[in-house]
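Asker: One structure, as structure tokens, below. Some questions next.
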Amino acid sequence: MNTDHYTTWLEIDLGAVRNNIRQTLEISGRPVMAVVKGNAYGHGVEAVSRAALEGGATWLGVARIEEALALRDAGFTARILVLGYTQPGMVRAAAAQDITLAVADPGTGEQYAAAAAGLGAPLRVHAKIDTGMSRLGVRGEEDSVAFLQLLHGLSGLDVEGLFTHYACADQPERDVTAQQLSRFSAVVAALEASGWRPPLLHSANSAAGIYFPQARFDLVRLGISLYGLDPSAEAPAPQSFQKVLSWKTRLVSIKTLPPGQGVSYGHRYHTQGEERIGVLAVGYADGMRRVLGVNACLVRGRRVPMVGTICMDQCMVALDSVPDAQIGDEVVLIGRQGDERITAEDLGRLWGTINYEVTCGLTARVPRVYIG
Ligand SMILES: *Cc1c(COP(=O)(O)O)cnc(C)c1O
């Protein structure tokens, strides 16, 4: 890998992706769906999907039909589930590409069945029930059972799966997940008593798949920890998981400024004494956040603060503690340098958000360089 020519880039360790899938297969003992929505949480969907399948994942999970169709266009033949809502007008395209759709309410199920009638084969769907997330899916045991039976009776549909999603799986000390799990299990039991249930049950995201053995059922939907990231501080990915992403940029200018000099838009920073100020080739159009006074980076193995307003394509950094820094130096925004490390979790804390939003916010113009 030669990154000499890049000014700002992501290094994506595909060996870590394969490792994280293998770890999940080992811990859960269940098949794994690699959740690669949102451009694989910002990591690059095609390369990550390929590595996840090499690591042993058997499903790909996305949020939108467009993401699924793009995977098929790129040549992926693995099973794909669209976890979110799909317009009935896309049923033909989904069926033609062997894409499985989630269905989360009876009316939509009937529309899908009507659209699939006459296609030659039924549309494969996974029914979504709401056990407490209050997002997509039918709520309540009776209505859920009736929903599943309705779908089962529609000749245009093959109801292969039944699933739900947890609201608080990343807070293992709360009892919400156990409650949701018992509601899900009650629907499964009622269906079994009626003589039919979908063959494939799934409920676990990363946190539930790692921390709630009873939530694993037939498939674990691995998102955040596929990337080696922690579901939360209380539910960290196990030590054996490896971080996939590093975010790097370069020093592109170094100047010594006089005391009292305003720096960057709005002059929201002024030098105290004479200060060595560097410029980095990274800004909010790359995914850096325009938050004053919290950002830092690693230069020559030392942690140094960014100063002044973050611009769209650049930002400034205080270099007095790194006298040997030079134009062209590699600078780490997420990842390791020497003994220092900055994580997506660290940036999430500084920015008042979570690691998920940090990596999903890394924009399309930043080249992804694949290693491992
Ligand atoms: C995004 C998503 C996942 C993955 O969740 P993680 O917490 O990232 O593991 C699983 N299931 C559904 C329905 C999702 O939308």
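The values are calculated or read from the model by the stated rules, or taken from the named source; none is laboratory data. Please read all numbers here as calculations on a predicted model, not as lab measurements. We place every Cβ from the backbone using ideal geometry, glycine too, and count neighbours over all the protein chains shown. All accessible areas refer to the heavy atoms of the entire protein, side chains included, with ligands and DNA or RNA removed. Shrake-Rupley method; radii C 1.70, N 1.55, O 1.52, S 1.80 Å.
Asker: Hey, could you grab the Kirkwood Rh for the chain? Inverse mean 1/r over distinct alpha carbon pairs, Å, one decimal. Before the final figure, lay out the partial values.
Answerer: Numbers: mean 1/r = 0.0446 Å⁻¹.
That comes to 22.4 Å for the chain.
Asker: Multiply the residue separation of residue 186 and residue 1 by 0.36 nm, subtract the distance between their alpha-carbon atoms, and state the gained length in nm to one decimal.
Answerer: Numbers: separation 185, 0.36 × 185 = 66.60 nm, distance 5.21 nm.
Extra length available between residue 186 and residue 1 comes to 61.4 nm.
Asker: If you count only protein heavy atoms and use a 1.4 Å probe, how large is the accessible surface of residue 230, to the nearest 10 Å²?
Answerer: Here the residue's solvent-accessible area equals roughly 40 Å².
Asker: Now, a different point. Within region 116-198, list the GluC sites (Glu not before Pro) lying in a DSSP loop whose Cβ has at most 12 other Cβ atoms in a 10 Å radius.
Answerer: Those satisfying the criteria are 173.
Asker: Looking at region 126-197, which chymotrypsin sites (Phe, Trp or Tyr not before Pro) are DSSP coil and have at most 15 other C-beta atoms within 10 Å of their C-beta? Write down the numbers at each step before the final one.
Answerer: Values: sites: 147, 163, 166, 184, 196; in loops: 166, 196.
Listed in order of number, the matching sites are 196.
Asker: Filter the GluC sites (Glu not before Pro) in region 213-303 to those in DSSP coil with at most 14 other Cβ atoms within 10 Å of their Cβ, and list the result.
Answerer: Qualifying residues, ordered by number: 234, 274.
Asker: What is the magnitude of the charge dipole of region 24-102 about its Cα centre, with +1 placed on the Cβ of each Lys and Arg, -1 on the Cβ of each Asp and Glu, and no other charges, expressed in debye to the nearest 20?
Answerer: 180
Asker: How long are the three semi-axes of the equivalent ellipsoid of region 1-103, in whole Å, if each is the root of 5 times an eigenvalue of the C-alpha gyration tensor, listed from largest down? Can you show the working numbers first?
Answerer: Working: eigenvalues 132, 69, 22 Å².
Each semi-axis is √(5λ); the values are 26, 19, 11 Å.
Asker: Please give the helix 45-55 orientation as an angle from the longest Cα principal axis of the chain, in degrees from 0 to 90, rounded to the nearest 10.
Answerer: 70
Asker: Set the Förster distance to 51 Å, then compute FRET efficiency between residue 179 and residue 330 from the Cβ-Cβ distance, nearest 0.05.
Answerer: For R0 = 51 Å, the calculated efficiency reads 0.55.
Asker: Given labels modelled 7 Å from the Cα in the Cβ direction, how far is it in nm from residue 253 to residue 214?
Answerer: 6.1
Asker: Which longest run of the chain has no exposed loop site in it, a site being trypsin sites (Lys or Arg not before Pro) in a DSSP loop with at most 15 other beta carbons within 10 Å, and the site itself not part of the run?
Answerer: Values: sites that count: 135, 174, 268, 290, 365.
Here the longest segment lacking exposed loop sites spans 1-134.
Asker: Relative to the first principal axis of the alpha-carbon coordinates of the chain, what is the inclination of helix 176-194, with its axis defined by its Cα atoms, in degrees from 0 to 90 and to the nearest 10?
Answerer: Long axis of 176-194 versus the principal axis of the chain: about 20 degrees.
Asker: I'd like the FRET efficiency for residue 149 and residue 353, computed as 1/(1 + (r/R0)^6) with the beta carbon distance as r and R0 of 35 Å, rounded to 0.05.
Answerer: So, using R0 = 35 Å, E works out to roughly 0.25.
Asker: Once fully extended, how much extra length lies between residue 54 and residue 26, figured as 0.36 nm per residue of separation less the alpha-carbon to alpha-carbon distance? Mind showing how you got there, number by number?
Answerer: Details: separation 28, 0.36 × 28 = 10.08 nm, distance 1.51 nm.
Gain in length upon complete extension: 8.6 nm.
Asker: At 7 Å along Cα-to-Cβ for each site, give me the label-to-label distance between residue 64 and residue 291 in nm.
Answerer: Here the modelled spin labels are 2.6 nm apart.
Asker: Averaged per residue, what accessible surface does the chain expose to a 1.4 Å probe, in Å²?
Answerer: 42
Asker: Using only Cα atoms, find the angle between the long axis of helix 106-116 and the longest principal axis of the chain, and express it within 0 to 90 degrees, rounded to the nearest 10.
Answerer: So the inclination is approximately 80 degrees.
Asker: Have a look at 154, 229, 337 and report the one farthest towards the positive end of the charge dipole of the chain, computed about the Cα centre with Cβ charges (Lys/Arg +1, Asp/Glu -1).
Answerer: Of the candidates, 337 comes out farthest on the positive side.
Asker: Give the Kirkwood hydrodynamic radius (Å, one decimal) of region 206-262, defined as one over the mean of 1/r across all pairs of different Cα atoms.
Answerer: Working: mean 1/r = 0.0679 Å⁻¹.
By the Kirkwood definition, the hydrodynamic radius is 14.7 Å.
Asker: Pull up the cross-link candidates among the lysines for residue 128, meaning alpha carbon to alpha carbon under 25 Å and not fewer than 8 places away within one chain.
Answerer: 37
Asker: Could you tell me what percent of the DSSP beta bridges with both partners in the chain are antiparallel, to the nearest 5?
Answerer: Once the DSSP bridges in the chain are tallied, antiparallel ones form about 50 percent.
Asker: How large is the dipole of region 275-325 about the Cα centre if only Lys and Arg carry +1 and Asp and Glu carry -1, each at its Cβ, rounded to the nearest 20 debye?
Answerer: Using Cβ point charges on Lys, Arg, Asp and Glu, region 275-325 gives about 160 debye.
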